[in-house]
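Below is one structure; the comments refer to it alone.
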């Protein structure tokens, strides 16, 4: 009888222990009256976000400003920031000058979440400012100066530079004096040549048509400015060549070891400016052709050395 009572008491004690162990699980059930409101609910990371004020980037476009005597060119500075309440953008003249024309600053209107105590994450903003530059502005290196005021009390600054230049190009004056000529593609063949055999001399006489941006008819000295299709370069010398027909070209020979040119003959250029003639070669030396020019045309020349081979005296 005693054993039965003892067993019953043991069962009762075990049940009480199990109940005591299970009770805390029911105690964790949230009380509806203590539930947090949606406005206050936030993750632990958002609750402890700390502002990090930065000027992320400053871009200035264009980097080089070229202004002409008439008109203007716009320059734009774009500033990107993080966790910044206020920003100012100014432009400063070269050599310690003051603020340039059109210099400005910008402010953002505070929003409800601008309070740093309620900022839940990084706040990114972009601000742009533009200025117009004309001929009256100084040339040189200008500076865009940026000041940003952060929520954490920081004042951050950044500078970017750009250049201002004047386009002072002016129409080049018409050239004076005779036009340039040249003898192109001059050849003497064959090389080498046997003593007494004929040499074929060929070339082409040409006259310049362009000087800087001035264009001239091949047979006229009256210039016209701005023939861009014909004047492919813009430099201060003659260029872009045209055939020159009906002109006399003299042929000369300079024997090897001599300092005196010997006149041989005169040939005339055809309608395409080309000329050709045959001469006999008896000694190694230099064959040359020369156009003497006239009042409107400069002279020009070309030459080529030819070796004569064979047997006997005077062969080199």
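Just so you know, all these numbers are worked out from the coordinates, no wet-lab data involved. Since we're looking at a predicted model, the values are computed, not measured. Ideal geometry is used to build each Cβ from the backbone, glycine not excepted, and the neighbour counts take in all protein chains shown.
Calculate the spin-label point distance for residue 80 paired with residue 278, positioning each point 7 Å from the Cα along the beta-carbon direction, and give it in nanometres.
My value for the distance between the label points is 7.9 nm.
Please give, to one decimal in nm, the separation of the simple spin-label points placed at residue 152 and residue 256, each 7 Å out from Cα toward the Cβ.
Spacing of the two 7 Å Cα→Cβ label points: 8.7 nm.
Provide 145, 137 in ascending order of the number of other Cβ atoms located within 10 Å of each residue's Cβ, fewest first.
Working: 145 17, 137 21.
The fewest-first ordering by Cβ neighbours comes to 145, 137.
With each pseudo-label sitting 7 Å past Cα toward Cβ, what's the residue 139-residue 286 distance in nm, one decimal?
Label-label distance for residue 139 and residue 286, simple model: 4.5 nm.
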